[in-house]
Amino acid sequence: MNMALNALRRLGNATLKTLVHLGFICRFFFAVLRHSPAAFFRFPLTMREIYFAGVLSLVIILVSGLFIGMVLALQGYDILSTYGASESLGVLVALAMLRELGPVVAALLFAGRAGSAITAEIGLMKTTEQLLAMEMMAVDPLARVAAPRFWGGVISMPLLAALFSTAAIFGAYLIAVQLIGMDNGAFWGNMQAAVDVRTDVMNSMVKSLVFGVIVTLTAVFEGFDTKPTAEGVSSATTRTVVHASLAILAADFIMTIFMFRGV
Amino acid sequence: MSATVTSSQDLVASLTNVRFGYTPEQSVLDNITMRFPRGKVVAIMGGSGCGKTTILRLLGGEVHPNTGQVTVNDQSVPDLNKRALYAMRRKLGYLSQFGALFTDMSVYENVAFPLCEHTDLSESMIRDLVLMKLNAVGLRGAASLRTNELSGGMARRVALARAVALDPLLMLYDEPFTGLDPIALGVVGQLIRRLNDALRISSVLVTHDIYQSLKIVDYVYFVGQGRIIAEGTPDEIRNTSDPFVRQFINGEEDGPVPLHMKAPSLTQDFLARSAS
């Protein structure tokens, strides 16, 4: 009986803590939005963050996209040719990338590359009292540090996801057309006929925009919420990657239900 | 109390009957009253964890007292809203014990930061001001360096140049001498005094370094167990018979501030351990 009560108590405690944490994240999100005009009035600050979060993530995004596209083409050709449908390979790759893999994998990579870097940078700024110094200079860190990083990530994410999908489709083309010898016209023509701009491309952009919000909000929040110690920065960085990845997968599931249920 | 500080005239900041605790159970400051007159350098000394830095945080409006008054430039700090608090902070300079230079900026950009954020001055005007401030701390030649190329003493001086960039009314120094070699320590100490006099500002100096600070300050508050234990001019402090201050000045390991934390007797502890 006592054990059951203790377990219930622990569960209640954990639930309350999670709710309080989520409440903090929501309040932080609205505070960042409130300070966002500053990020746009002083766009060079946001541009700098687009460079750090977006441009510096290009290598990992493009290389991963290329390899994923190539692997998908090899596996897809193997299965589709069993059913005599190998000409649909372009369609398979394009729809898989645009609808799911592009936004999701690019966001997971973005969380690992840029999200962790944002958390570590802000966490170290907190540990070395740079944020406090800013506060004492009457400069609000939410406007100067959080908002530009948040919008830099949100703007970068859809662009990176689009480039990721493009690299993957190019990788699939190399394997299917150049290596296996599939007909070039069939590869591109079937893809063009099957991919819908609104359903597939726009939904892909919406998904990656939402993932951009999730990753950068988590990264910036965890940075500000870091315990100002070396261990604190390390665990905040880990939390960013874990929480953002799980949130991306959950959000993808929910969005997929609404976007592609009737397709 | 000395005449320099008793006079209520021309105070830049003050704490009156301040009680403060980070949690309701634990009181950090208990009925503290301090005066910071215009043009003077006042040191706050005491052991680690006695609440010295908390006093700076109260003056900066980062935390609010449970009871009592904190005023800066005739404004009650806890009553200020965010906009007014930020307006008040523009009149403060703050030097953290880590220097807290922005690591993604050069020395020049660090010093220019408050000027760029709070003024509409032209680029050439900002450049002149930054070079003047860097010249005042002897580091005009380091303007183009990155912060990771600076030694500890240089970083502290750059942080000092940044803190005085907006010509503050009141400078708050949090352990400015920590981790400096004797030469850098002397340089920073003299700079604090010189800048205070040249810019006609007031300074509050939180420090452990009794020898260096007694050379440059006008008045000293000793804080211990959340209360003011002793206060006076440097000469009064040097000649005091207060056991706490004597222990501090002489660096004695035991005294009013005990070496050992409260614990059961050694015998009791050993017996208990062997019994278990």
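Please treat every number below as a calculation from the coordinates, not as lab data. Computed from a predicted structure; not experimentally measured. Here Cβ is always computed from backbone atoms with ideal geometry, including for glycine, and neighbour counts include all displayed protein chains.
At 10 °C and a viscosity of 1.306 mPa s, what translational diffusion coefficient does Stokes-Einstein give for the range B:76-221, taking Rh as the Kirkwood radius over Cα pairs? Give it in µm²/s as a whole number.
Values: Rh = 15.7 Å.
Here the translational diffusion coefficient equals 101 µm²/s.
Note on A:MET47 and A:GLU231: the model spin-label points, each 7 Å out from Cα along the C-beta direction, lie 4.4 nm apart.
Every helix of 4 or more DSSP H residues in chain B counts as -39500 (n - 2.57), and over all residues that averages to -11000 deg cm²/dmol at 222 nm.
Specify the longest stretch of chain B that does not include any exposed loop site, a site being one of the GluC sites (Glu not before Pro) with a non-H, G, I, E, B DSSP assignment and at most 11 other Cβ atoms within 10 Å.
On the way: sites that count: B:GLU25, B:GLU253.
Longest site-free region, per DSSP loop and neighbour criteria: B:26-252.
Other chains' Cβ within 10 Å of B:44-53 residues: what's the mean?
What the average comes to for B:44-53 is 0.
For B:ARG238 and A:PHE253, what is the calculated FRET efficiency with R₀ set at 45 Å and r taken between the beta-carbons, to the nearest 0.05? Before the final figure, lay out the partial values.
Values: r = 72 Å, r/R0 = 1.61.
Here the calculated transfer efficiency is 0.05.
Modelled label positions at B:THR178 and A:LEU22, each set 7 Å beyond Cα in the direction of Cβ, lie 3.9 nm from each other. If R0 equals 56 Å, the separation of the Cβ atoms of B:THR119 and A:ASP183 corresponds to a calculated FRET efficiency of about 0.25.
Can you tell which of B:GLY189, B:GLY60, A:LEU5 lies farthest toward the positive end of the dipole of the protein assembly as shown, using +1 and -1 charges on the Cβ of basic and acidic side chains (Lys, Arg; Asp, Glu)? Result: B:GLY60.
Just counting partner chain Cβ atoms within 10 Å, what average do the residues of peptide B:92-99 show around their Cβ? Each step should come with its number before you reach the end.
Numbers: counts 3, 2, 6, 2, 6, 1, 6, 4.
Across B:92-99, the average partner-chain Cβ count within 10 Å equals 4.
From the alpha carbon centroid of the range A:10-57 to that of the range A:185-263 is 15 Å. Any chance you could give the angle, 0 to 90 degrees and rounded to 10, that helix B:182-198 forms with the longest Cα principal axis of chain B? Between helix and principal axis, roughly 60 degrees. Along the range B:129-135 the Karplus relation, 6.51 cos²θ - 1.76 cosθ + 1.60 evaluated at θ = phi - 60°, assigns HN-Hα couplings of 5, 4, 5, 5, 5, 5, 5 Hz to successive residues, with x for each Gly and Pro. So which of A:LYS17/B:LYS262; A:LYS227/B:LYS262; B:LYS82/B:LYS215; A:LYS17/B:LYS91; A:LYS207/B:LYS82; A:LYS227/B:LYS40 end up more than 32 Å apart by C-alpha? With Cα atoms farther than 32 Å apart: A:LYS17/B:LYS262; B:LYS82/B:LYS215; A:LYS17/B:LYS91; A:LYS207/B:LYS82; A:LYS227/B:LYS40.
Once you put a point 7 Å from the Cα of B:ARG193 and another 7 Å from the Cα of B:GLU252, both along the Cβ direction, what distance in nm separates them? Output for this residue pair reads 2.9 nm. Based on C-alpha pairs under 8 angstrom that are at least 6 apart in sequence, the range A:35-260 has a relative contact order of 35 percent.
The distance linking the range B:150-167 with the range B:48-94 is 22 Å (Cα centroid to Cα centroid, whole angstrom). Stretching A:THR166 away from A:ALA14 to a fully extended chain increases their span by 50.5 nm, per 0.36 nm per residue minus the current alpha-carbon distance.
Using Cα pairs under 8 angstrom and six or more residues apart, how large is the relative contact order of the range A:192-263, in percent? Could the numbers behind the result be given before it?
Working: 33 pairs, mean separation 25.6, N = 72.
Result for the range A:192-263 is 36 percent.
For chain B, what class follows from the C-alpha gyration tensor (a ≥ b ≥ c being the square roots of its eigenvalues): rounded when a/c is under 1.5, otherwise prolate if a/b is larger than b/c, else oblate? Since a/c reaches 1.5 and a/b is larger than b/c, the shape of chain B is classed as prolate.
Over all residues in A:136-147, what is the mean tally of Cβ atoms on other chains that come within 10 Å of each residue's Cβ? Write out the running numbers ahead of the final one.
Values: counts 15, 16, 13, 8, 3, 0, 0, 1, 2, 1, 0, 0.
Mean number of neighbouring Cβ atoms from other chains: 5.
Put simply, the Cα atoms of the range A:35-260 extend 69, 35, 31 Å along their principal axes, the longest span coming first.
Distant-in-sequence amide contacts of B:ALA230, defined by a placed amide H-H separation under 5 Å and a gap of 5 or more residues or a different chain, comprise B:PHE222.
Taking only C-alpha pairs under 8 Å that are 6+ residues apart, what is the relative contact order of the range B:3-240 in percent? Display every interim value, and only then the final one.
Working: 441 pairs, mean separation 66.2, N = 238.
The value is 28 percent.
Taking Cβ atoms as reference points and 12 Å as the exclusive limit, the residues near B:ASN31 contribute a net charge of +1, counting Lys and Arg as +1 and Asp and Glu as -1. Of the complete DSSP H runs in chain A, those spanning 30 angstrom or more by Cα along the long axis with a mean Kyte-Doolittle score not below 1.6 are A:58-82.
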